[in-house]
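Chemist: Handing you a structure now.
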Amino acid sequence: MKQKILFVVYLLFSLMFINAGLNKLFNYIPIPDDLPEKVQKMNAAFEEIFWLMPLVGVIEALGGILFIIPRTRALGAIMLFPIMVGIMIVHLSVAPSGLVLASVFFIVNLWAIYENKEKFMPLINN
């Protein structure tokens, strides 16, 4: 039962990142008009670097796909970890309204990394 619940949680986590990544590449979800001014300025600054958002989009989509597959979940979790740190920083500093959901996703990512810690031990031990 625990494995089924974890798979559903991991699948939802993965689909969220796949959707976010594809949206950064193809812009099919419009940006809300009621975003705080700080968030709008931050988004405009990120869009000034023309290659940044497509790169993040590719990493999010690829990391989400890898996260679904149990054998490659560790790689997907590590790929998505820096993005999750960035999401947490944004919600802690600029947009605290989404902090609860971001924290849940951050915990899911940390859990996946912890669950696959034996795959990372050779990196730490050498």
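Chemist: Report, to the nearest 10°, how far helix 99-115 tilts away from the longest principal axis of the Cα atoms in the chain, using its own Cα long axis and a range of 0 to 90°.
Modeler: Helix 99-115 sits roughly 30 degrees off the main axis of the chain.
Chemist: Determine the relative contact order of the range 2-125: mean sequence separation of Cα pairs under 8 Å and six or more apart, normalised by residue count, in whole percent. Show your work: numbers first, answer last.
Modeler: Values: 107 pairs, mean separation 32.4, N = 124.
Rounded, it is 26 percent for the range 2-125.
Chemist: Any idea what angle helix 37-48 forms with the longest principal axis of the chain, computed on alpha-carbon atoms, 0 to 90 degrees, nearest 10?
Modeler: With both axes taken from Cα atoms, the answer is about 80 degrees.
Chemist: Moving on. Starting from the alpha-carbon convex hull of the chain, give the projected area averaged over all orientations, in nm². Display every interim value, and only then the final one.
Modeler: Details: hull surface 36.1 nm².
Convex hull of Cα atoms, orientation-averaged projection: 9.0 nm².
Chemist: What are the extents of the Cα atoms of the range 79-126 along their three principal axes, in Å, largest first?
Modeler: 40, 17, 13
Chemist: For a 29 Å ceiling on Cα separation, which of these pairs sit above it: K2/K119; K4/K38; K4/K119? Write out the running numbers ahead of the final one.
Modeler: Numbers: K2/K119 21 Å; K4/K38 40 Å; K4/K119 22 Å.
Check vs 29 Å cut-off fails for K4/K38.
Chemist: OK, next. Enumerate the lysines that K41 could reach by cross-link, defined here as Cα to Cα under 20 Å, with residues fewer than 8 away along the same chain left out.
Modeler: Answer for K41, where 20 Å is the Cα cut-off: K24, listed by chain and number.
Chemist: Taking the Cα centre of the range 2-125 as origin, sum charge times position over the Cβ atoms of Lys and Arg (+1) and Asp and Glu (-1), and report the length of that vector in debye to the nearest 20. Before the final figure, lay out the partial values.
Modeler: Values: 9 positive and 8 negative charges, 122 e Å.
The calculated dipole for the range 2-125 is roughly 580 debye.
Chemist: Let me ask something additional. With all distinct Cα pairs included, what does the Kirkwood hydrodynamic radius of the range 61-102 come out to in Å, to one decimal, could you say?
Modeler: Working: mean 1/r = 0.0914 Å⁻¹.
It is 10.9 Å.
Chemist: Angle check, please: helix 73-93 long axis (alpha carbons) against the longest principal axis of the chain (alpha carbons), in degrees 0 to 90, nearest 10.
Modeler: Between the helix axis and the principal axis of the chain, the angle is about 40 degrees.
Chemist: Counting Lys +1, Arg +1, Asp -1, Glu -1, what net charge surrounds N43 among other residues with beta carbon under 14 Å of its beta carbon?
Modeler: Charge balance in the 14 Å sphere: -2.
Chemist: Follow-up. Kindly rank 100-108, 69-77 from highest to lowest mean number of other beta carbons found within 10 Å of each residue.
Modeler: On the way: 100-108: 14.9, 69-77: 16.8.
Top of the packing list down: 69-77, 100-108.
We did not get these values from a lab; they are worked out from the coordinates using the rules stated. Treat the numbers as computed from the prediction; the structure is a model and nothing was measured. In this analysis, Cβ positions are derived from the backbone assuming ideal geometry, glycine residues included, and neighbour counts consider all displayed protein chains.
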